[in-house]
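Worksheet: one structure, shown below.
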Amino acid sequence: MYFFASPLYRTDVKHSEKDLEKMNRNDMFTKKLEENGISIILPQRDVDQNLPKFDIWQRELELIKKSDTLITVLSDTRGLYLETGFAKAIGKKILGLKVKETRNIPKDGWTVQWFDFIAEDIDELIDFMKINLKDTSHSSV
């Protein structure tokens, strides 16, 4: 089972406003992963977003603990790096997925050190996962 850490909010405004384009992209990525037999936890879908923010965060931490690997969409939203750091601290594998707003990632930079693999696109991620990672699609959330 794989936790999909992905952006939900716009970065071009000062208040919290959900970014429908990013949310739709998350849905599209998740659908493609699941069509390839990869079991995904997508918080925007699998965690009640009407809960108080602290409860959402606690539920996400529980799900990260249950997952085998965390996939991080390398977006312009820094908040998802909290999930990445938590997962890394408890020994989870971390996969990165580049998207259109991903900044340049130097091969010798600090960002690369956090990740077990960084994919250029969703197809490369799927290919890597099929070859290198055990799918636990029968695990329960």
- line: Exactly one of 127, 116 is closer than 21 Å to residue 33 by Cα, modelled with pLDDT of 95 or more and out of contact with any helix residue (DSSP H, G or I) (no Cβ under 8 Å at 6 or more places or on another chain), and that residue is 127
query: Does region 61-81 hold any residues that are under 22 Å from residue 21 (Cβ atoms) and in a helix (DSSP H, G or I), and which are they?
result: 80, 81
query: Of the residues 37, 91, which is in contact (Cβ under 8 Å) with a residue 60 or more places away in the chain, part of a loop (DSSP other than H, G, I, E, B) and either among the β-branched types (Val, Ile, Thr) or surrounded by fewer than 18 Cβ atoms within 10 Å (Cβ to Cβ) (or both)?
result: 37
- request: Six or more apart or on different chains, Cβ under 7 Å: which pairs go from a residue in region 73-84 that's surrounded by 15 or more Cβ atoms within 10 Å (Cβ to Cβ) to one that's at pLDDT below 65 and of a type outside the set (Val, Ile, Thr)? Could you list them?
  value: 77/9
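The values are calculated or read from the model by the stated rules, or taken from the named source; none is laboratory data. Nothing here was measured: the structure is a model prediction, and the numbers come from that model. Methodologically, a virtual Cβ is constructed for each residue, glycine included, from the backbone with ideal geometry; neighbour enumeration extends over all protein chains shown.
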